[in-house]
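First up is the structure itself, then whatever we jot down about it.
FYI, it's all coordinate maths here, none of it is from the lab. Only a predicted model underlies this, so the values are computations on that prediction, with no experimental measurement involved. Cβ placement follows ideal geometry from the backbone for every residue including glycine, while neighbour counts extend to all protein chains displayed.
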């Protein structure tokens, strides 16, 4: 979605020309699809529209991104019916994780067994999650999915929302929910500002076969020129995630795949032996976004439109799918009680709960990413002090691990 204009005239003037429903959702990515599925059974007329073609939604292509799913997120995907649609062979368990500071041999270890779990989480390719959600949506959801539909204007007020599409169609809903990426045009159109942080780095992701076994342990190493992570996948493969300054990233993207694999293995001092490329490389700019408001009159932001995370903590998708679950629960409760599900009290309750969930994680991740993006002497001392404190203070590690492993039912929204 490129640019959306805000229409100032009263919504009532559109009524005769509008296709009317209860809930409009902008964006049929994984969070938008999850939101639509979460509203099943609530008795609401839901319309989901996306500017991409139906083909791209039906058959999303591999984009290099392996999603680290917490136990809470898996529980939500199970509830939505999508988890069972992901082939078991494509679900890679994450047993533990090691974090290293530079080339030091000292290691900060996160072991799920320390908090009574057998796994910290799971890795699943982004395109497989999207495909599973779409298949569930098409086969077991009554919500209408409108593809090739780009919004050109929206208007929201306490009486509802109207979205006008590029082909001239207008849709009216009691509530408009935007899940249209961290660069959300809907958010801007609604007059909601956001804190946007450009890290000045580029992330390169690719899948490789490792010479040595990873034992389903993730490794992340913070180096002066950027981070490098080894995310364990099945069959001895791993997703190699690296961050570079833009010029250095361009140089690495220009290498042939074998040379890039060799350079990646060398950067990790051949800890896993030789690397052999399995997929092409994909690059993404690193930009963090935190919306200054999550809601407005008859309007709510979810997913990256609300919170776009730096990938260092692998919590972006988890916050997105858990955030939509919070909103869906608030809406369903209001409907069951005969209340206005699009009312201000419902939306404010969602915002309060999602800020409590996302705020501390976002800002601490931002600080961590910034700390590791500089190589000055004070920054190196600060990294060493923080790393040593993490090794000593095991309760802090337990808090992090419990946030990954505890089930959804143990967390009150």
Taking the highest mean first, how do the peptides 61-69, 73-81 order by number of other beta carbon atoms within 10 angstrom per residue? 73-81, 61-69
Given 0.36 nm per residue, what is the gain on full extension from residue 167 to residue 344 after removing their alpha carbon distance, in nm? 60.6 nm
Cα gyration tensor shape of region 68-163, rounded if a/c is under 1.5, else prolate or oblate by comparing a/b with b/c: prolate
Order 186-192, 165-171 from most to least packed using the mean count of other Cβ atoms within 10 Å. 186-192, 165-171
Just to check, using Stokes-Einstein with a Kirkwood Rh over alpha carbon pairs, what's the diffusion coefficient of region 135-263 at 37 °C and 0.692 mPa s in µm²/s? 171
Honestly region 122-206 on the Cα gyration tensor test (a ≥ b ≥ c root eigenvalues; a/c under 1.5 rounded, otherwise a/b vs b/c for prolate or oblate) is just oblate
Extension length gain for residue 198 and residue 45 (0.36 nm per residue less Cα distance), in nm, is 51.3 nm
FRET efficiency for residue 263 and residue 109, Cβ-Cβ distance as r, R0 = 30 Å, nearest 0.05? 0.65
Cα→Cβ-extended label distance, 7 Å offset, between residue 88 and residue 140, nm: 1.8
